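The values are calculated or read from the model by the stated rules, or taken from the named source; none is laboratory data. None of these values were measured; they are calculated from a predicted model. No Cβ is skipped: glycine too gets one built from the backbone with ideal geometry, and neighbour counts run over all protein chains shown. For accessibility, only protein heavy atoms count, side chains too; no ligands or nucleic acids. Shrake-Rupley method; radii C 1.70, N 1.55, O 1.52, S 1.80 Å.
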Amino acid sequence: AEAMAESERLRSALLSSISHDLRTPLATILGAVTSLRSLGGQMSKETQIELLSAIEEETRRMSHFVTNLLDMTRLETPNLEIKRDWVDLADIIRAAVTRARTAWPERQVELAVAPELSLVHGDSGLLEQVVFNLLDNAHKYSPPGSPTRISALARHREILLEVSDEGQGIPPDDLERVFDKFYRVKHGDGRSAGVGLGLAICRGIVTALGGSITAASPVADGKGTRITIRLPVPAAESGA
């Protein structure tokens, strides 16, 4: 009975999250398209570009949301087998940073990847999604104009990947809960950002690859969050 009740609670949370997080971008897209169709000929070029940019941004947001849902479904599939190839984590990080800079050109992303970083055994597509989700999370919870920092280095037969921001931080009681499905830390004004799947997906993928993920906050001056991922380096790569 308890399992059924929990399953029903999660199902209701999922349906509620999907309806809420799709309704908002769809309303923006519909409004922009309607305005362009009805009044496009009377609008200035700048206004038309602004509406088209809104359509592009909201469409990208929905695409990212659907990708997260599909990833979570995949991670919860019984007997999940993640593809494991030798992949260059430095290239994966750079690809995710490029995506982030394209999605949020106003956001400053500082990259520090150690030279000759060891190869890891994993799925390049899923690992890129992990890094992008962390950058996306930092973007949501940080003030405009503040930098997001991402670094990677080898240490003690593992690769240490960190993403830090200068946002408001995470309350101590929430540091572990942020990795739960549908859990969202609220802003100071009571609003919450995102659907609450990004970090849950990160934990699922990293754990499936034999690694770990943790959150620390504050980072400096009473603010900021740092997400740390530790991925094992196979003995052949670590020189053992």
**Asked** With Thr98, Thr102 as the choices, which residue is closer than 30 Å to Val131 by Cβ and at pLDDT 85 or above?
**Response** Thr98
**Positions within region 201-240 being out of contact with any strand residue (DSSP E or B) (no Cβ under 8 Å at 6 or more places or on another chain), hydrophobic (A, V, I, L, M, F, W, C), surrounded by fewer than 21 Cβ atoms within 10 Å (Cβ to Cβ) and modelled with pLDDT of 75 or more, in sequence order** = Ala208, Ala220
**Message:** Considering only residues that are over 14 Å from the mean Cα position of the chain (by Cα) and under 16 Å from Asp88 (Cβ atoms), which ones fall in region 122-150?
**Reply:** Gly122, Asp123, Ser124
**Asked** What about Ala32, is it at pLDDT 75 or above, of a type outside the set (Val, Ile, Thr) and open to solvent by less than 50 Å² (accessible area, probe 1.4 Å)?
**Response** yes
**Item:** Long-range neighbours under 8 Å by Cβ, at least six apart or interchain, first residue closer than 14 Å to Ser53 by Cβ and without any contact (Cβ under 8 Å) to a residue 40 or more places away in the chain within region 27-42, second assigned to a helix (DSSP H, G or I) and open to solvent by 60 Å² or more (accessible area, probe 1.4 Å)
**Value:** Ile29/Thr59; Ala32/Leu52; Leu36/Leu52
**Message:** Leu111 - would you say it is among the aliphatic types (A, V, I, L, M), open to solvent by less than 60 Å² (accessible area, probe 1.4 Å) and either at pLDDT 85 or above or touching a Pro at 6+ places or on another chain (Cβ under 6 Å) (or both)?
**Reply:** no
**Asked** Which residues, taken from region 115-170, are open to solvent by less than 40 Å² (accessible area, probe 1.4 Å) and assigned to a loop (DSSP other than H, G, I, E, B)?
**Response** Leu117, Ser118, Asp123, Ser142, Ser146, Pro147, Asp165, Gly167, Gly169, Ile170
**Prompt:** Scanning region 135-156 for residues that are touching a residue at least 60 places away in the same chain (Cβ under 8 Å) and touching an Asp or Glu at 6+ places or on another chain (Cβ under 9 Å), which turns out farthest from Arg84 (Cα to Cα)?
**Reply:** Tyr141
